[in-house]
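S.K.: One structure is given below, represented as structure tokens, and several questions about it will come after.
The values are calculated or read from the model by the stated rules, or taken from the named source; none is laboratory data. Since the structure is predicted, the reported quantities are computational estimates derived from the model, not experimental observations. Cβ sites come from the backbone with ideal geometry, for glycine too, and all protein chains shown count toward neighbours.
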Amino acid sequence: MDEQTGLSSCVLDVLQEIVDGSSSDSKEIASRLGISPGAVDQRLCVAMRVLGVGTRTDAAIEALRRGLVRGYRLVHAETPADGDTGSTD
């Protein structure tokens, strides 16, 4: 259980599956975790309520931002302050 949010490891596992990009389909996530699709949906509802978001994608993004799940580093669309766009030419 995450002490800061109160989300269980089961809820975090579902969020991790979404972050990992395995699928946003409850049936596929359920199969991978060995639970029912209904359990996936219930856990996502809990995550969305606790994280204050309205979609499963937003729940995954918020979990990443809060460091609740591991994933790729989020990149902001803003141009860096020094004007360097990362271009090598």
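S.K.: Within the stretch 61-89, restricting attention to residues that are of a type in the set (A, V, I, L, M, F, W, C) and modelled with pLDDT under 90, which residue is farthest from ASP25 (Cα to Cα)?
M.R.: Among residues in the stretch 61-89 that are of a type in the set (A, V, I, L, M, F, W, C) and modelled with pLDDT under 90, the one farthest from ASP25 (Cα to Cα) is ALA81.
S.K.: If I go through the stretch 50-70 residue by residue, how many of them are part of a helix (DSSP H, G or I) and surrounded by 13 or more Cβ atoms within 10 Å (Cβ to Cβ)?
M.R.: 10
S.K.: Filter the stretch 17-28 for residues that are within 13 Å of the chain's Cα centre (by Cα) and either more than 19 Å from LEU68 (Cβ to Cβ) or assigned to a helix (DSSP H, G or I) (or both) and give the result. Give the steps one after another, and end with the answer.
M.R.: Step one: filter the stretch 17-28 for residues within 13 Å of the chain's Cα centre (by Cα), giving 17-24.
Result: GLU17, ILE18, VAL19, SER23.
S.K.: Okay, next question. For the structure I just gave you, tell me whether CYS45 is over 19 Å from GLY71 (Cβ atoms) and either assigned to a helix (DSSP H, G or I) or polar (S, T, N, Q) (or both).
M.R.: yes
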